[in-house]
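The values are calculated or read from the model by the stated rules, or taken from the named source; none is laboratory data. Owing to the predicted nature of the structure, the values given are computational and were not obtained by experimental measurement. We place every Cβ from the backbone using ideal geometry, glycine too, and count neighbours over all the protein chains shown.
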Amino acid sequence: MKRLPIACLAALAASCAGAAKAPRSPWAASNPDWVEPFTPFRVYEEIYFVGTRGLASYLIATPEGHFLIDGGLPENAPLIAKNIETLGFDVRDVRILLNSHAHFDHSGGLAALKEISGATMVASQGDRWALESGLVPGAEDDPAMAAPPVKVDRVISDGENLTLGGATLTARLTPGHTKGCTSWTMTAGDSEILFFCSATVAANRLAGPPQYEGIVADYRATFERTKPSRPDILLANHPLFFDMEERRARQVAGDANAFRDRESFPALMARLEAAFEKALAEHTAKAIEK
């Protein structure tokens, strides 16, 4: 493992200067844990948590370079790089940048992280426009939803593999939350790992008019597609979705299987599907009233 040189930290500070000096996102004001530091740690095998208390980013470390999934808010980029350094790795060894979905709280730091690392940005076609424009389809005029644009170097398709240093990640398109919402699966040790995108409704409009055409069908297809899935370890872009802090506390206390739970993902999806159907009924009723 390589320590990050002082010169690299200085370069990172320069490349991320805009993010570091910019006012905090208006969303961070109401979600302070999104910018709150959290001690980085090894989750399992070559997988490391390098995000904040409220927004997850993951480093998958290999001898030939690393994957980095998600960049948090724009102002999170320097902290993510620092977390990578704290673990003994060099951010310049990140070879492939991945994104769960093109919302500012997960894509905001990608441009700065790409600049310092020189990594290849890989994303789905469905989210390519949003990443490269920095805008959210259906909310193009809302500055609070914008993120720094990042160029997509390679478009990934459903079921396509990315391999680096013996680690293989497979793209699983799970649209709805965004048009190109992408989950990632991999095998580490003797476990199947799922980095789940999202299936929350959040700020999306499901009707009157919908956030994007086909959004309801996409959500329902994702719920159906994921019903058979029971990964050994569920990791998500919001730590609360997999009880990260509670599991980390158990891990620190000596529980080597703290993150293993094959019932976690089915339980999460059942809750999200029920919430989706409730939101759809509400959005449809409001659209009819108009």
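Quick notes on this one:
- Long-range neighbours under 7 Å by Cβ, at least six apart or interchain, first residue free of Cβ contacts under 8 Å to residues at least 24 places away in the same chain within segment 120-132, second of a type outside the set (D, E, K, R) and surrounded by fewer than 20 Cβ atoms within 10 Å (Cβ to Cβ): 132/149
- When residues in segment 232-250 are screened for being without any contact (Cβ under 8 Å) to a residue 40 or more places away in the chain and buried (at least 16 other Cβ atoms within 10 Å of the Cβ), 3 of them pass.
- Here residue 55 meets each of (1) buried (at least 18 other Cβ atoms within 10 Å of the Cβ); (2) farther than 19 Å from residue 25 by Cβ; (3) not β-branched (Val, Ile, Thr) with one exception, condition (2).
- Residue within segment 148-157 that is more than 23 Å from residue 214 (Cα to Cα), in contact with a Cys (Cβ under 7 Å, 6 or more places away or on another chain) and surrounded by fewer than 23 Cβ atoms within 10 Å (Cβ to Cβ) present: no
- Residues that are among the hydrophobic types (A, V, I, L, M, F, W, C) and either surrounded by fewer than 15 Cβ atoms within 10 Å (Cβ to Cβ) or touching a His at 6+ places or on another chain (Cβ under 8 Å) (or both) within segment 158-179 comprise just one, 164.
- Residue 208, sole failed condition from (1) assigned to a loop (DSSP other than H, G, I, E, B); (2) crowded, with 18+ Cβ neighbours inside 10 Å: (2)
- Test: residue in segment 180-203 that is crowded, with 17+ Cβ neighbours inside 10 Å, touching an Asp or Glu at 6+ places or on another chain (Cβ under 8 Å) and more than 28 Å from residue 96 (Cβ to Cβ): no
- Residue match in segment 71-90 (condition: closer than 15 Å to residue 195 by Cβ and modelled with pLDDT of 95 or more): yes
- Residue 124 being farther than 22 Å from residue 46 by Cα, surrounded by 21 or more Cβ atoms within 10 Å (Cβ to Cβ) and within 17 Å of the chain's Cα centre (by Cα): yes
- Hits in segment 113-130 (condition: hydroxyl-bearing (Ser, Thr, Tyr) and not in a strand (DSSP E or B)): 117
- Selected residue (only one of 67, 104, 89 is of a type in the set (Phe, Trp, Tyr) and within 14 Å of residue 41 (Cβ to Cβ)): 89
Matching residues to (1) closer than 30 Å to residue 215 by Cβ; (2) among the charged types (D, E, K, R):
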{"position": "252", "(1), (2)": "no, no"}
{"position": "256", "(1), (2)": "no, no"}
{"position": "259", "(1), (2)": "no, no"}
{"position": "263", "(1), (2)": "yes, yes"}
{"position": "266", "(1), (2)": "yes, no"}
{"position": "271", "(1), (2)": "yes, yes"}
{"position": "276", "(1), (2)": "yes, no"}
{"position": "285", "(1), (2)": "yes, no"}
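- Complete set of residues in segment 216-229 that are in contact (Cβ under 8 Å) with a residue 40 or more places away in the chain and farther than 17 Å from residue 270 by Cβ: 216, 218
- Residues being acidic (Asp, Glu) and more than 21 Å from the chain's Cα centre (by Cα) - total across segment 201-246: 2
- Looking across segment 265-282, the residues that are under 12 Å from residue 223 (Cα atoms), among the aliphatic types (A, V, I, L, M) and touching a helix residue (DSSP H, G or I) at 6+ places or on another chain (Cβ under 8 Å) come down to 268, 269, 272.
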